[in-house]
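Asks: Attaching a single structure in structure tokens format; questions to follow.
Bear in mind that the values in this text are calculations on the coordinates, not laboratory data. Since the structure is predicted, the reported quantities are computational estimates derived from the model, not experimental observations. Cβ coordinates were reconstructed from backbone atoms using ideal geometry, including for glycine residues, and neighbour counts include every protein chain displayed.
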Amino acid sequence: MAVNPDPKPGRWILPLVVLGMVAFTYFFVRELPEATPDSTLASGGTTTTTIPGGTETTVDPGTGNGATDPEVQAYLTELDGIDAALQLLQAEMVAVNTGFDADPREVEFSDAEARMESVLTDTDALADQVAAMVVPVGFETNHQALTSAIDIAAGAAADALDGLRSSDPGDLRRAAVVAFTQAADNFNTEVINTKTAAGVETTP
């Protein structure tokens, strides 16, 4: 009768299975693609994207086209408010001047004087606001032009009121109103130029 050298041959099956699994895992992992340094994880900061051709573009999520830093954005927002107020004052100045010159007169002297005084007071306040603004680095030249325009407007408003009160037949007042209108237009143009310098798109 033959003698079985190993009375429990099944005890070798489990180690062989484990060895096979380890070997399979080793070779499978080696075939996986390696992570590259260019891989980017999602984050809350800026993202750099490589466009075909090698050009890189950096996008700040949530800001979009014409985005600016908070200081510049606050500066531009304040300029928009000043510009809107100045354009309303321009319309008021022209309306008063036109009504006073109308035949028959549509705006009497006392009304014209009070309204021009109001335009002058408000324009002076806007000029003071521009002078007190915190100017971001790189916008000093633009701000000088803005300051010059608003100061000319304030001076023209004073001249228009003086012309109204004077014995002049109206030439000084009319010239001052024209100067005020031009200065307000120049301020608006310089606001647009400043936005363009900041990379903000503006509509014509």
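Asks: Please give the length that would be gained between residue 78 and residue 111 if that part of the chain were fully extended, namely 0.36 nm times their separation in residues minus their C-alpha to C-alpha distance (nm, one decimal).
Replies: Numbers: separation 33, 0.36 × 33 = 11.88 nm, distance 3.11 nm.
Residue separation times 0.36 nm, minus the Cα-Cα distance, leaves 8.8 nm.
Asks: May I pose another question? As an exercise, find the ratio Rg/Rh for region 87-152 from alpha-carbon atoms, using the Kirkwood inverse-distance average for Rh.
Replies: Values: Rg = 15.8 Å, Rh = 13.5 Å.
We get a ratio of 1.16 for region 87-152.
Asks: GluC sites (Glu not before Pro) within region 89-190: which are DSSP loop residues with at most 16 other Cβ atoms inside 10 Å?
Replies: Numbers: sites: 92, 106, 108, 113, 117, 140, 190; in loops: 106, 108.
Answer in residue order: 106, 108.
Asks: How would 165, 174 line up from fewest to most surrounding beta-carbon atoms within 10 angstrom?
Replies: Details: 165 13, 174 16.
By the 10 Å Cβ count, ascending: 165, 174.
Asks: Using C-alpha positions alone, give me the convex hull volume of region 70-195 per residue in cubic angstrom. Please report the intermediate quantities before stating the final value.
Replies: Working: hull volume 10.5 nm³, N = 126.
It comes to 83 Å³ per residue, whole-number rounded.
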